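Chemist: The structure that follows is given in the form of structure tokens.
The values are calculated or read from the model by the stated rules, or taken from the named source; none is laboratory data. This structure is a prediction, so every number in the text was calculated from the model and none was measured. So basically every Cβ, Gly included, is an ideal-geometry build from the backbone, and we count neighbours across all protein chains shown.
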Amino acid sequence: MVYAALSLENKDSTNYYLNFYLNKDTTDKSVVGLFSLKENEDNRYMQILFAGEKGRTFYTGEGPKSGTADTPYRYMTTPTLVCRQQGAWKRPFVAVYEPFRGSNHFSVESIENMDHSHPGQFTALKVSNKGGSKQIVLQSLDSGKLERNKDWSFLGNFGIISLEKNKLKYLYLGAGRQLSWQQYSIESGSSDGAANVIFNDKSLIVSCNQETTISITGSIAKSVTMETDGKKTQLAFSKTGKGISFKVPAVMNAVIAIE
């Protein structure tokens, strides 16, 4: 991991060209840039994390005054981090920004590009946080192409798999037809389907914009009950060889109990 620290201080400069960039480094490793601001004993930070990529060059230094920020910062030079690589259209930049207050009070520890099979068309980014939680962020330009690995599959434009100590916490399908993690799967009827399913020990919390099918392998059930606004509804379910499957109508924060 490579670290670049940039501090916002009252430095005067009138040069508006590239010689503002005082430091240069080429690396294939992941990079974390840290912007810091100290005001009235209130330490504020913005970290930016870049996943490692071949042939990437970073420039750090002072840029021109913004002229638009709140005073007194509009009169200060701007801490600057520039990332450059050849062939960016086929290998697009991926970065995560996180603001936080107080030294070392950040949440995100690292990011990793998990899939290099279709650069520029598909991204699978793993975000690792303090406390053992992780998110796998999936983004595809081709909503009709199924992407998969041994743990997940995805058909759509955007989805998130969230884990707590490697245990599934939620599946979020932002725009797409299907998203799965190991034995859990959600599926909508069209490419603009959106659904969020939170997995608790004995229940699910479901929000979706259209009818959504939830499948769980390795599970058995005698009943599936949906509760919305205090009203309980029995949902029909089917056995699917090694598990169960049931359909949920368009709802908001419905509680699903599987017994």
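Chemist: For the range 212-223, check the following and say yes or no: at least one residue is of a type in the set (Lys, Arg) and either under 21 Å from residue 145 (Cβ atoms) or not in a strand (DSSP E or B) (or both).
Modeler: yes
Chemist: Moving on to the next point. Yes or no: residue 33 modelled with pLDDT of 80 or more and on the phi > 0 side of the Ramachandran plot?
Modeler: It is false that residue 33 is modelled with pLDDT of 80 or more and on the phi > 0 side of the Ramachandran plot.
Chemist: Looking only at the range 88-104, which residues are assigned to a loop (DSSP other than H, G, I, E, B) and farther than 23 Å from residue 137 by Cα?
Modeler: Answer for the range 88-104, where residues must be assigned to a loop (DSSP other than H, G, I, E, B) and farther than 23 Å from residue 137 by Cα: 102, 103, 104.
Chemist: If you go through the range 235-250 one residue at a time, how many are farther than 15 Å from residue 187 by Cα, among the hydrophobic types (A, V, I, L, M, F, W, C) and not in a strand (DSSP E or B)?
Modeler: 1
Chemist: Output the number of the condition that residue 44 fails; it satisfies all remaining conditions of (1) surrounded by 13 or more Cβ atoms within 10 Å (Cβ to Cβ); (2) touching a helix residue (DSSP H, G or I) at 6+ places or on another chain (Cβ under 7 Å); (3) over 30 Å from residue 151 (Cβ atoms); (4) not hydrophobic (A, V, I, L, M, F, W, C).
Modeler: If we test residue 44 against (1) surrounded by 13 or more Cβ atoms within 10 Å (Cβ to Cβ); (2) touching a helix residue (DSSP H, G or I) at 6+ places or on another chain (Cβ under 7 Å); (3) over 30 Å from residue 151 (Cβ atoms); (4) not hydrophobic (A, V, I, L, M, F, W, C), just (2) comes out false.
Chemist: For residue 235, all conditions in the list (1) closer than 30 Å to residue 139 by Cα; (2) over 24 Å from the mean Cα position of the chain (by Cα) hold save one; what is the number of the exception?
Modeler: Condition (1) is where residue 235 drops out.
Chemist: Tell me, which residue of the range 105-149 that is among the polar types (S, T, N, Q) and not in a strand (DSSP E or B) is nearest to the chain's Cα centre (by Cα)?
Modeler: Only one residue fits best here, namely 107.
Chemist: Can you find, within the range 103-118, the residue that is surrounded by the fewest Cβ atoms within 10 Å (Cβ to Cβ) among those that are free of Cβ contacts under 8 Å to residues at least 40 places away in the same chain and either farther than 26 Å from residue 41 by Cβ or touching a Cys at 6+ places or on another chain (Cβ under 9 Å) (or both)?
Modeler: 117
Chemist: Do you know which of the residues in the range 60-76 that are out of contact with any Pro (no Cβ under 7 Å at 6 or more places or on another chain), outside any helix (DSSP H, G or I) and touching a residue at least 40 places away in the same chain (Cβ under 8 Å) is nearest to residue 47 (Cα to Cα)?
Modeler: Only one residue tops the list, namely 60.
Chemist: Of the conditions (1) out of contact with any strand residue (DSSP E or B) (no Cβ under 9 Å at 6 or more places or on another chain); (2) modelled with pLDDT of 85 or more, residue 90 fails just one. Which one is it?
Modeler: Only one criterion in (1) out of contact with any strand residue (DSSP E or B) (no Cβ under 9 Å at 6 or more places or on another chain); (2) modelled with pLDDT of 85 or more is unmet by residue 90, namely (2).
Chemist: Consider the range 197-226. How many of its residues are polar (S, T, N, Q), under 23 Å from the mean Cα position of the chain (by Cα), surrounded by fewer than 20 Cβ atoms within 10 Å (Cβ to Cβ) and at pLDDT 95 or above?
Modeler: Selection size over the range 197-226: 2.
Chemist: Is there a residue in the range 10-26 that is at pLDDT 85 or above and in a loop (DSSP other than H, G, I, E, B)?
Modeler: no
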